[in-house]
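Working notes, beginning with the structure itself.
The values are calculated or read from the model by the stated rules, or taken from the named source; none is laboratory data. Values in this document were obtained by computation on a predicted structure and should not be read as measured data. FYI the Cβ positions are ideal-geometry reconstructions off the backbone, even for glycines, and counts take in every protein chain you see. Ligands, DNA and RNA are stripped out before the accessible areas are found, and what is left, the full protein with its side chains, is counted by its heavy atoms. Shrake-Rupley method; radii C 1.70, N 1.55, O 1.52, S 1.80 Å.
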Amino acid sequence: MKGEPDFFQNLRDEMGGGRQWLDRAIVMVYAVLAGLAVVVFTLLADGAFALYSQLRSGWWWAPLLWTPAVTALVVWAIRRWAPGAAGSGVPQVLTALDPATPLRERSRFVSLRLSVVKILAVSGGMLAGLSIGRQGPSVQVAAGVMLHARRWLSPASGISHRELLVAGGAAGIAAAFNTPLGGIVFAIEELSRRLQDRSSGLMLAAIVIAGLVAVSAFGNLSYFGRVRAEVLSWSLLLPGALVALACGLLGGLLSRLMLASFTGLPDRFCAYRRKRPVTFAALCGFVVAVIAVVSDGAAVGVGHEHTKGLLDHAGTSDTAHQPLLFTGLKFVASWLSAWAGVPGGIFGPSLSLGAGVGADVAWLLSSPHGAALIALGMCGFLAAVTQTPITAMIIVMEMTDGHSMVLSLMACALLASLVSRMISRPLYSTMSQLMMRSIREGAAAQDAPGKDSSAPGR
């Protein structure tokens with residue numbers, strides 16, 4: 001029948017041409033390099049926080065001096081040498097993906113150099129003991145590595161800058177969380193609505209390969225272990241709904257606070273941050289240090305150990321969790337760590353905050369479904385902050401090996417995201433729009449009458 005695929009012709013097209021295979025090999029090599037970059041990033045960031053923990057355990061008062069000093073140093077260095085490495089990393093990749101971003105401006109947001117700087121800067125924030133994560137920055141790190149492959153590909157490869165950025169960003173999530181499926185869903189839901197048919201399989205293979213590199217380095221283990229929630233009942237409905245609502249409210253509030261902080265509202269705090277950014281960062285670092293002292297270190301860092309402890313000891317009294325207090329302190333520490341201007345992500349702290357919300361609800365209602373509510377809280381808070389419910393559900397399901405909770409996780413993510421949308425605009429896309437506005441303003445200033453086009457931009 002006319003119009004049907006010609007198998008042999010398609011086979012010759014796929015198999016023929018040494019240059020085509022070389023391009024595929026280049027993409028696969030860079031996928032491995034992207035995965036290795038995230039592995040190195042993970043080891044360096046975790047090692048930096050381990051050093052901070054040793055310092056804090058040796059001298060309880062040390063963070064009060066150490067955290068403000070290191071925070072100010074990191075902010076000063078980033079503002080001086082690499083402004084594009086600031087922030088979480090996801091908005092930068094979204095800005096680079098925007099068709100309105102000129103090619104000459106793309107390196108301001110994603111490049112191999114920025115990937116290296118991002119690794120060092122986030123590790124510096126972890127060394128300071130701030131409440132930041134490395135998963136969001138891994139998106140920018142891996143995207144910068146993958147984008148570098150474009151210079152070695154042939155013009156006829158059919159692989160665009162956009163596809164390399166999407167594959168790299170998704171590979172960063174896959175490798176950082178050890179969740180290849182979560183990386184693929186993140187690419188579809190957040191980074192791009194589509195991939196070119198010709199190269200979509202190759203890009204998906206690159207995402208999976210980067211995730212397999214992380215599996216090879218850290219083992220094929222669930223990030224938080226297995227959720228012991230095999231037997232669920234209708235008694236989970238009310239506490240689960242409360243967890244979703246609470247996560248939607250708190251996650252939406254955190255997102256709105258972060259957007260308001262970075263938008264630069266006409267208040268005295270934002271004015272002081274614009275005037276003295278390094279001093280402001282030191283002040284934020286001092287408050288975070290006080291929170292670290294009060295919470296004995298539980299409310300700072302990514303929060304992985306505290307969250308894993310909650311899951312391991314759910315339903316027992318053998319846990320260091322402080323109901324309500326931990327969630328409040330972690331919320332403030334995460335907000336101030338971001339507002340300080342130190343590069344860092346919100347994925348990890350969001351999971352820790354969500355786990356705290358789930359544990360609080362289980363404690364308030366004396367629910368026997370402690371582990372399930374903690375997993376729901378992780379999913380709901382991540383969905384509320386990022387407003388990507390499908391990605392949040394897949395990531396938490398893969399990280400906790402909670403396949404028996406698929407429907408519960410999905411319902412919680414959708415409800416929390418819905419509540420968050422009533423409170424705040426989408427965090428990443430809104431911040432990307434602010435970056436796009438700075439590009440347009442810079443271009444307008446260059447084109448203004450009497451402006452010397454050869455003068456360097458700020």
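Taking segment 49-64, which residues are among the aromatic types (F, W, Y) and not in a helix (DSSP H, G or I)?
Taking segment 49-64 first, the residues among the aromatic types (F, W, Y) are 49, 52, 59-61.
Correct list: W59, W60, W61.
Is one or more of the residues making up segment 347-357 over 25 Å from the mean Cα position of the chain (by Cα) and among the β-branched types (V, I, T)? Don't jump to the end; show me each part of the working.
Quick first cut of segment 347-357, residues over 25 Å from the mean Cα position of the chain (by Cα) only: none.
No, because not a single residue in segment 347-357 is over 25 Å from the mean Cα position of the chain (by Cα) and among the β-branched types (V, I, T).
Taking first residues from segment 291-308 that are closer than 14 Å to S337 by Cα and partners that are aromatic (F, W, Y), the Cβ contacts under 7 Å between residues at least 6 apart in sequence or on separate chains come to A299/F326; G301/F49. Residue pairs whose Cβ atoms lie under 9 Å apart, sitting 6 or more positions apart in sequence or on different chains, and linking a residue in segment 247-267 that is touching a residue at least 60 places away in the same chain (Cβ under 8 Å) to a partner that is open to solvent by 20 Å² or more (accessible area, probe 1.4 Å) and basic (K, R), are G248/R421; G252/R421; S255/R425; R256/R425; L259/R425; S261/R273.
Here A176 qualifies as at pLDDT 70 or above, under 26 Å from L33 (Cβ atoms) and buried (at least 24 other Cβ atoms within 10 Å of the Cβ).
Would you check which residues across segment 153-171 are crowded, with 24+ Cβ neighbours inside 10 Å and either touching a Gly at 6+ places or on another chain (Cβ under 8 Å) or not in a helix (DSSP H, G or I) (or both) and list them? Across segment 153-171, the qualifying residues are G168, A170, A171. Considering segment 1-48, the residues that are open to solvent by 50 Å² or more (accessible area, probe 1.4 Å) and not in a helix (DSSP H, G or I) include one that is modelled with the lowest pLDDT, namely M1. Across segment 71-87, a minimum of one residue is classified as touching a Pro at 6+ places or on another chain (Cβ under 7 Å), part of a helix (DSSP H, G or I) and closer than 21 Å to T386 by Cα.
Listed residues L265, L249, L232; which is modelled with pLDDT of 90 or more and surrounded by fewer than 19 Cβ atoms within 10 Å (Cβ to Cβ)? Can you show your working first?
Working: L265 fails: modelled with pLDDT of 90 or more; L232 fails: modelled with pLDDT of 90 or more.
So the residue among L265, L249, L232 that is modelled with pLDDT of 90 or more and surrounded by fewer than 19 Cβ atoms within 10 Å (Cβ to Cβ) is L249.
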